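Inspection log for the structure reproduced underneath, given as structure tokens.
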Amino acid sequence: MTSRLVLVIGDLHIPDRALDIPAKFKKLLTPGKIGQTLCLGNLTDKPTYDYLRSIAPDLKIVKGRFDSDATSLPLSQVVTHGSLRIGFLEGFTMVAPQEMDLMMAEANKLDVDVLCWGGTHRFDAYEYENKFFVNPGSATGAMTTGAVGEGEEMVPSFCLMDVQGIGLTLYVYQLRKDANGVESVNVEKITYTKNVGGS
């Protein structure tokens, strides 16, 4: 069974809210290892677009609310890897992307097993009614209004999905600071397998 490594990244906001993707992330994103990139919008500059294309030429992008010049970008897309249909969107088209029922309705509308969304700048992943929902957060840690609580720090993050047949392993990369301000990349692993035997 072959596996496919898919980068899920979004809410970059370069250069308006962040200078660049963190260097510790760039060291991990080596060209030639990743088969496809799903960019969940707010890719607001050409050099970052070129950088993402250098990681994986198969770059799929959806329109984010700050991609005002990118009128030709779709609001959502669907890709298929193995037996999994993966949908992705920025999230600004949904009234309340944190509401599970609305997320489920969007997943059903796109007829997908996995739904990736952005716009909140915070990592989230959960399984709900045999579907898997992923928000990779902001790869740059860019701030946004209403995204975090008072005094809460933005944590830069992105996700890699290792898709094999009816399942995937999600690797979540988060850039954290210790008490002394030293940054390190933490990696968390989450697995999902599609239930093919019915509901």
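If I take R0 = 22 Å and measure r between the Cβ atoms of R176 and D50 in this structure, what FRET efficiency does the formula 1/(1 + (r/R0)^6) give, to the nearest 0.05?
Numbers: r = 28 Å, r/R0 = 1.28.
Step by step, r from the Cβ atoms, then E = 0.20.
In the structure shown, do any of K63/K177; K109/K194; K24/K46; K33/K63; K60/K177 have a Cα-Cα gap over 29 Å, and if so which?
On the way: K63/K177 31 Å; K109/K194 18 Å; K24/K46 21 Å; K33/K63 25 Å; K60/K177 31 Å.
Table pairs above 29 Å Cα-Cα are K63/K177; K60/K177.
What is the extension gain from K189 to T169, computed as 0.36 nm multiplied by their sequence separation minus the C-alpha to C-alpha distance, in nm to one decimal?
Working: separation 20, 0.36 × 20 = 7.20 nm, distance 0.67 nm.
Gain on extension, K189 to T169, equals 6.5 nm.
With all protein chains present, calculate the accessible area of D113 using a 1.4 Å probe and round the result to the nearest 10 Å².
Roll a 1.4 Å probe over it and D113 shows about 20 Å².
List the residues whose amide H sits under 5 Å from the amide H of R85, counting only those 5 or more places along or on another chain, with H placed 1.01 Å from N in the peptide plane.
Placed amide hydrogens put D113, V114 under 5 Å from R85.
The values are calculated or read from the model by the stated rules, or taken from the named source; none is laboratory data. Just so it is clear, the model here is predicted, and its values are computed rather than measured. Note that we place each Cβ from the backbone using ideal geometry, even for glycine, and neighbour counts take in every protein chain shown. Calculation scope for accessible area: heavy atoms of the full protein, side chains included, ligands and nucleic acids excluded. Shrake-Rupley method; radii C 1.70, N 1.55, O 1.52, S 1.80 Å.
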